[in-house]
1. What number goes with the only condition from (1) modelled with pLDDT of 95 or more; (2) surrounded by 13 or more Cβ atoms within 10 Å (Cβ to Cβ); (3) among the hydrophobic types (A, V, I, L, M, F, W, C) that Ala137 does not pass?
2. Mind checking which pairs have a first residue in the range 98-125 that is on the phi > 0 side of the Ramachandran plot and a second that is assigned to a loop (DSSP other than H, G, I, E, B) and loosely packed, with under 13 Cβ neighbours inside 10 Å, Cβ under 8 Å, 6 or more apart or different chains?
3. Scan the range 90-119 for residues that are crowded, with 18+ Cβ neighbours inside 10 Å, over 14 Å from the mean Cα position of the chain (by Cα) and not aliphatic (A, V, I, L, M) and jot them down.
4. From the list Glu132, Glu126, Glu159, Glu77, pick out the single residue that is under 16 Å from Ala3 (Cβ atoms) and either touching a helix residue (DSSP H, G or I) at 6+ places or on another chain (Cβ under 6 Å) or not basic (Lys, Arg) (or both).
5. Taking the stated definitions as given, is Asp65 free of Cβ contacts under 8 Å to residues at least 12 places away in the same chain and under 23 Å from Leu108 (Cβ atoms)?
Amino acid sequence: MAADSARVWELVTDISVPARFSPELYRTRWLSGHRSPAVGARFEGWNSHPAIGEWRTVAHVLWFDAPRLFGWVVLDEDNRFGGGPVDPERPGATWQFRVTEVDGGCRLSQSVRIGPGRSGLSLVIERAPDQEEQIVARRLAALRDGMTATLNGIKREAEQTR
C-alpha cells in the first residue's frame, strides 16, 4: 500500500480498528489495566456469526515487535466451546499482522491459524460431522473475506492520511 509503515503500524495495533471492518468481530476492549499492545497484554473481542450466534473471546498478545509484527492467541475463557481449562498452548485461533516496508510504502498481511484448541468451528462440525469438509471450506472462505475487508479498510485509512 502507498502508506507510511508507521501509520499502518498505528492502525494494526489499535484493537478497535478490525472491529470497524470485520463482518464478525464487532467490539474490543483492553483488559487488566492494559491500554495499548505489549507482550502479555489481554483484550476481549465480541463476535457474531449466523451459524453460532454471539460470543466473547479473550486474546493474549504473544508477539509485539514494533513496527513489524503484532500477534495474539484467542482463548475461550467462558468455555462456550467446551475446551475446558484455558491453555494458551491450545488456542482456538492465532492471529498476526505483519508490516513490511517496500519502496513507496509498505506491505501489510494478516494471518490466522485455527486450533489446535476448540472454537465455534468445533461446534458446527460436531453438529454435522459428515459435512466437515464443506464446513471448513466455508469457514476458511469467511475468514478470508473478513481479513480482506479488514486489510482493505486499513489500507483506505492509511492512504488517506499520507
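1. Result: Ala137 passes all but (2).
2. Gly104/Ala2; Gly105/Ala2
3. Gly105, Cys106, Gly117, Arg118
4. Working: Glu132 fails: under 16 Å from Ala3 (Cβ atoms); Glu126 fails: under 16 Å from Ala3 (Cβ atoms); Glu77 fails: under 16 Å from Ala3 (Cβ atoms).
Answer to the selection: Glu159.
5. yes
The values are calculated or read from the model by the stated rules, or taken from the named source; none is laboratory data. Owing to the predicted nature of the structure, the values given are computational and were not obtained by experimental measurement. Here the Cβ is made from the backbone with ideal geometry for all residues, glycine too, and neighbour counts use every protein chain on show.
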